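The values are calculated or read from the model by the stated rules, or taken from the named source; none is laboratory data. Every value quoted in this text rests on a predicted model; they were computed, and no experiment measured them. Cβ sites come from the backbone with ideal geometry, for glycine too, and all protein chains shown count toward neighbours. Remember, those area values only see protein heavy atoms, side chains included, never the ligands or the DNA or RNA. Shrake-Rupley method; radii C 1.70, N 1.55, O 1.52, S 1.80 Å.
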Amino acid sequence: MRTPKRLYAHERVIYQPELLTCPHCGDLLVMCNYLAWDKTVQMLDRVLSVASRPGCCRHATCAGSRMRLLSAEGQRIALPGSTYGYDVLVRLGWRRQEYRATYREIHAELAAQVRISVSHVGYLYQQVSLPLLACHERQHRDHLAQIATQQGGLIVALDGLAPQGGEPHIWFIRELSSGLTLRSGWLCQQDQPTFEAFLEPLKHLGLPIL
């Protein structure tokens, strides 16, 4: 049996939450002494060793003490549990959906930048890219309700990524503490009315947003 070649990261990055204060009491957050996740991620232009250190409120009586806030920037690198960057998924999905490229054609394009097999291209499209666009995380509504109860509401992050220059961007709305994707989709415009319409379905969750 052939031994897989080891991936060597070009850079080590440990992300910390962008929020500096507790959403409940307003006091400064403290960093936890552990990493919420730690993994090597293949992107189109580099390999990263990334981790996220959560923050929490220092006051035990505050509702924020039960929150573990993660970095929105760190979450935009890759899906939870995935070692392929969002840019890889976007390129793969865009080539498949818009150009009807076969898995072998997509693999031939990606292989120069990412270590991946033809079968894994198919897996990522069928099991990751398509469910992501269909917002597969809707099945986690009970989990989101539990998070909202524990935290007093959800904290959401919005960001986008372009597959190639001049083409529509894929945008994501995530719940910050869990990394769950609440909504995703292709947007041709990036203006206030477009984002307001994109965020509108969150109201139907019936959960408070911090």
- Query: Are there any pairs, at least 6 apart or on different chains, whose C-beta atoms fall under 6 Å, with the first in the range 86-103 and within 23 Å of I173 (Cα to Cα) and the second acidic (D, E) and open to solvent by less than 40 Å² (accessible area, probe 1.4 Å), and if so, which?
  - Reply: none
- Item | Of all residues in the range 99-118 being among the charged types (D, E, K, R) and part of a loop (DSSP other than H, G, I, E, B), the one that is nearest to the chain's Cα centre (by Cα) | R115
- Hits in the range 3-23 (condition: loosely packed, with under 10 Cβ neighbours inside 10 Å and not in a loop (DSSP other than H, G, I, E, B)): E11
- Could we say that R104 is buried (at least 16 other Cβ atoms within 10 Å of the Cβ) and charged (D, E, K, R) here? no
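Using the structure shown, decide if L69 is open to solvent by less than 40 Å² (accessible area, probe 1.4 Å), closer than 16 Å to P80 by Cβ and in contact (Cβ under 8 Å) with a residue 60 or more places away in the chain.
Details: open to solvent by less than 40 Å² (accessible area, probe 1.4 Å): yes; closer than 16 Å to P80 by Cβ: yes; in contact (Cβ under 8 Å) with a residue 60 or more places away in the chain: yes.
When the stated conditions are applied, L69 passes them.
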- Query: When you go through G93, G81 one by one, which is the residue that is open to solvent by 70 Å² or more (accessible area, probe 1.4 Å), at pLDDT below 90, under 27 Å from P131 (Cβ atoms) and small (G, A, S)?
  - Reply: G81
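Considering only residues that are free of Cβ contacts under 8 Å to residues at least 40 places away in the same chain and open to solvent by 60 Å² or more (accessible area, probe 1.4 Å), look in the range 36-52 and name the one that is farthest from G152 (Cα to Cα).
Of all residues in the range 36-52, those free of Cβ contacts under 8 Å to residues at least 40 places away in the same chain come to 36, 38, 46, 48, 50-52.
Narrowing further to those that are open to solvent by 60 Å² or more (accessible area, probe 1.4 Å): 38, 46.
On the way: D38: 28, R46: 38 Å.
Only one residue tops the list, namely R46.
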- Every residue from the range 153-175 that is at pLDDT 80 or above and open to solvent by 40 Å² or more (accessible area, probe 1.4 Å): V156, L158
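Taking the criterion of being on the phi > 0 side of the Ramachandran plot and either open to solvent by 30 Å² or more (accessible area, probe 1.4 Å) or small (G, A, S) (or both), would at least one residue in the range 24-35 satisfy it? Step through it out loud before you land on a result.
Here is the first cut: in the range 24-35, the ones on the phi > 0 side of the Ramachandran plot are 26.
Right, trim to either open to solvent by 30 Å² or more (accessible area, probe 1.4 Å) or small (G, A, S) (or both) and you get 26.
Yes, the conditions are met somewhere in the range 24-35.
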